[in-house]
Every structure is written in C-alpha cells, then in structure tokens.
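The structure under discussion appears below in the form of structure tokens.
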Amino acid sequence: MEVGGVRAVPDGFTGAIMAIEGIEDAVVLLHGPGGCRIRHMVLSSAVFNRSGEGAEFSEPYYYGYPRVPATYLDEYDFINGAYYKSEEGLETVAGRSPSLVVIVDSPGAGLIGDDHDGAIAEAGLSGIAMHISEPLASVPATRGCGHALESVMRFLGPERGETRPGTVNLLGLSVMDKDWAAARDELCGYLRDMGLEVACCPGAGSSVADMVRSVDSEFNVVVCPEMCAGLRGWYGSMGVPSIVSPAGAPVGFDALEEWIRTVAEATGRDPSIPLERVRSHRIRVRDKFNGMRYNALRMRGLTFSAAGTASVVRPLTEWLYSYLAMAPEAVCVDDGADPDQTDALRAFLESKGFGDAWGREPVPCGAVLCEGITALSMMISHECRVGIPIGHSSMGLDDVIPRPVYGAQGALYILDELLHGVRAS
C-alpha cells in the first residue's frame, strides 16, 4: 500500500451486484468468467447470509456455492458468443424459485453482446428476470448501487396506490456498509420510537414484495444520499418525497441527532424518545471519559486523515474536530460525492484553518479513518497510531459485537478504536 495512492474502493460493478444481493429473495446471475464470481459470491454470503444456504448447490453455474451463480465464460465464449450459457444459467437459477433474477455482465462479457432479453423471453421468465445492460465498472460503487435498485423498481413496475400514513422507506443503506444490519436495526428503532413504520429498506435485507409495497409509503428517509441517488429520484417521480438530513449521514452524535430532528420535523413526529436514547449514550461516554481522564485527553489534538463517501466523511470530520478537538490532516471524498455535502465539508475545513487538508489522500498521522485495507495497512506499518475501517471495503466480518459506522453504535465504535489506539501507543 502506497500512502497517497489508490484506496481499495469498490466500483459500480460491485456496487450493483451487492445491491441486488441485498434483496432477500433476489439472485444475481453473473455473466462472465469464474474469476469475476469469486469475490462477489464470498462477500455476499459473508455479509448477508440467508436461510437455506446450507443446502446442496452442486448443479452447474452454482458449483457448490449458494450465491452469485455465474456462467463461467471461457475463450471460446468470448469469440463465438455465449447465448447458450445465458439460457442454461437462467433455467438453473430459476429452478430454485427466486422472486427476482438479475443478469449482470462482467466488464468483458458486456462486449460480447449476448441477447439476455431474448434468453429471458425464450425461457418464459419475463415476469421475474431482467438484465442490467449498462457497463458499471467505471462508475463509483454508490452510483452502481443506486442505479441497480432503480432498475429493479422500474422492472417491477409497482403502481402507487393509497398512501399509507406513518410509513417510511429507509434508503441509502447497503450490505456493503460495515455492520449494516446493526445500523439498520438501530435507525429503524429510532423511527419506530417516533411512531413511524419502516416498510422497506431496499438493498438492505428487504424482500421483493416489500419493495413493491414501498411505493405506497408516505416518505423515504435517507441514510446516505450517494447510495440511493437514482433510486431516490425514481421514488420522487412516483410521488414519494425523501427526507435528507442537512448534516449528512447519521455519523457521530451530532449528525445523528440532526438526522432524528430532520425526520421528526418533516413527518410531524415527536423526537424526544430517540433523542433521549442518544443522550444516554452521550452520558455514558462522558462518564467513561471522566473516569479515565488521562487517556481521553490524549485524543485532544490528535491528527487524523478521513476518506470515503462525502455524506459520511463530512459529519465524521466535524464531529472529531468539535467533540474530541482532533485536527484534520488529510480529508478527501470518493467519486460520485454529493455536491452539497462536499461543499459543506470543504467550507468547514477552510473556516477552521484546515483548508490545506482538503483533497488529500490519507497521510501518516495520528488516526486514519477510511476503507479497511488502507487504514489497517497504515497502522501495521506504523504510519498512524490507530486505523479505523469505515468504508465500503470494511465489512466487519471479524466482529461479533456490532460495530457499524452509523448511529450511536457507530459513534461508540469509533471512540472505542480511538481510545484503544492512544492507550496502546
């Protein structure tokens, strides 16, 4: 890993696959070589294990593994076409009765031009199978995720009926997010505390039926704007407005409280119960800091680098500066960043005298918060005192205790890592 080089950020191809795999009863049929399957099939199963996956999956195209079956294209197929594999793969996958099958081409397979729509029609699967034809490897993962979910909703084609008062959809959460299920459960809990029913979390554990019904929800509540841009626009065209916190994603106590207040104001609900829950976490941290004053004080003035999605990096940077008096050394955002969040982040840095930190990839400093490979590599090589995984390659696969990035649990996770880092150094 070269400091200042390219971080291990997934692309739109991975974003699209993981968005579909985040639908409970959907399956991606990857049209491409076996090598393109391995990472995605292992990752999908690891972050969102479904019931029934212990069963036998020895048939062709699955070859012993339950997730992201693939057509295993070879050199013959690239020269002569692989329509026959598309046909056979569809038949095999449909035999397991999923509610939705989405064919996604690998970057190379997209050049062949196999007629997947024809294969779908020939197999009589037009009601449950679709093809995402756009090449997505060159776009950000966030854009690939949002586009894939938008494409699914357009394919399902639900018609908006009578609005169900008090129902919301939670958008912008992905199975690529670290400990996404814990974050989903906590955020949904805050919404329930305000008397709101969460109808659907597209791409984060909900079913196809949930997604069809979601069009009748009263509002969308957005977690991370970048992760749902295309999807949010589609809901808007159907008459479902989206609630977006001006503070960005609910990262850190301050942004979480603003997220709750924004939802309460837009829906006319009382935020007192969820705000009291967040306040109890603040008190817990305050008491902990008072009891170990020396180590807590060692975080003050600690320099940090932060990189990732703009709607996450902005509240994170502001919170570390205001809550812990930490100093930003390098702050950058990934491609596809929300322009409002990017502008607000840059303005904040300049207003505090840290304008030079803007646009810099992680550098040797006190703490590095970004995707896991870079953060942990820098810590191992002693280029920082603590490395904290927060990005989309940071899946938390070795965590038993929930350690998400969003919500109060996310704030506690980040504070835990910082305290452990300054204590050990």
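Taking the condition of being closer than 20 Å to Asp177 by Cβ and either part of a loop (DSSP other than H, G, I, E, B) or open to solvent by less than 10 Å² (accessible area, probe 1.4 Å) (or both), how many residues in region 342-356 meet it? Walk me through how you get there before you give the answer.
Residues of region 342-356 closer than 20 Å to Asp177 by Cβ: 342, 345.
Add one more test, that the residue is either part of a loop (DSSP other than H, G, I, E, B) or open to solvent by less than 10 Å² (accessible area, probe 1.4 Å) (or both), and what stays is 345.
Summing the residues that are closer than 20 Å to Asp177 by Cβ and either part of a loop (DSSP other than H, G, I, E, B) or open to solvent by less than 10 Å² (accessible area, probe 1.4 Å) (or both) in region 342-356 gives 1.
Across region 130-142, which residue is nearest to Tyr235 (Cα to Cα) among those that are in contact (Cβ under 8 Å) with a residue 40 or more places away in the chain and assigned to a strand (DSSP E or B)?
Ile132
Just to be sure before I move on: is Glu24 over 25 Å from Asp179 (Cα atoms), modelled with pLDDT of 90 or more and acidic (Asp, Glu) in the structure I sent?
no
Would you point out the residue of region 59-80, among those that are among the acidic types (Asp, Glu) and surrounded by fewer than 19 Cβ atoms within 10 Å (Cβ to Cβ), that is nearest to Leu30 (Cα to Cα)?
First, pick out the residues of region 59-80 that are among the acidic types (Asp, Glu): 59, 74-75, 77.
Now drop any that are not surrounded by fewer than 19 Cβ atoms within 10 Å (Cβ to Cβ), which leaves 59, 74-75.
Numbers: Glu59: 15, Asp74: 14, Glu75: 17 Å.
Selected residue: Asp74.
Could you grab me the full set of residues in region 17-47 that are open to solvent by 20 Å² or more (accessible area, probe 1.4 Å) and of a type in the set (Lys, Arg)?
Arg39
Counting only residues that are surrounded by fewer than 22 Cβ atoms within 10 Å (Cβ to Cβ) and of a type in the set (D, E, K, R), give me the helices (runs of 4 or more DSSP H) lying completely in region 181-289 with at least 1 of them. Break it down into steps so the answer makes sense when it comes.
Numbers: elements: 208-213, 229-237, 252-267.
Counting at least 1 such residues, we get 208-213, 252-267.
Among the residues of region 357-380, which ones are open to solvent by 50 Å² or more (accessible area, probe 1.4 Å), over 30 Å from Ala229 (Cβ atoms) and modelled with pLDDT of 95 or more?
Pro364
Scan region 104-137 for residues that are farther than 18 Å from Ser151 by Cα and touching a Ser or Thr at 6+ places or on another chain (Cβ under 7 Å) and jot them down.
Hits for region 104-137 are Asp114, Ala119.
Quickly run through region 143-180 and pick out the residues that are assigned to a loop (DSSP other than H, G, I, E, B) and open to solvent by 20 Å² or more (accessible area, probe 1.4 Å). Can you show your working first?
Going residue by residue through region 143-180, those that are assigned to a loop (DSSP other than H, G, I, E, B) are 157-163, 172-179.
Across region 143-180, the qualifying residues are Gly157, Glu159, Arg160, Gly161, Glu162, Thr163, Asp179.
Among the residues of region 398-418, which ones are part of a helix (DSSP H, G or I), open to solvent by 20 Å² or more (accessible area, probe 1.4 Å) and in contact with a helix residue (DSSP H, G or I) (Cβ under 9 Å, 6 or more places away or on another chain)?
First, pick out the residues of region 398-418 that are part of a helix (DSSP H, G or I): 407-418.
From the residues that got through so far, the ones that are open to solvent by 20 Å² or more (accessible area, probe 1.4 Å) too are 409, 412, 416-417.
Of everything in region 398-418, those that are part of a helix (DSSP H, G or I), open to solvent by 20 Å² or more (accessible area, probe 1.4 Å) and in contact with a helix residue (DSSP H, G or I) (Cβ under 9 Å, 6 or more places away or on another chain) turn out to be Gln409, Leu412.
Taking only pairs six or more apart or across chains, which ones have beta-carbon atoms under 9 Å, a first residue in region 175-201 that is without any contact (Cβ under 8 Å) to a residue 24 or more places away in the chain, and a second residue that is of a type in the set (A, V, I, L, M) and open to solvent by 10 Å² or more (accessible area, probe 1.4 Å)?
The qualifying pairs are Arg184/Val198; Cys188/Val198; Arg192/Val198.
The values are calculated or read from the model by the stated rules, or taken from the named source; none is laboratory data. Model, not experiment: these values are computed from the prediction. Note: ideal-geometry Cβ built from the backbone for every residue, glycine included; neighbour counts use all protein chains shown. Heavy atoms of the whole protein, side chains included, go into the accessibility calculation; ligands, DNA and RNA do not. Shrake-Rupley method; radii C 1.70, N 1.55, O 1.52, S 1.80 Å.
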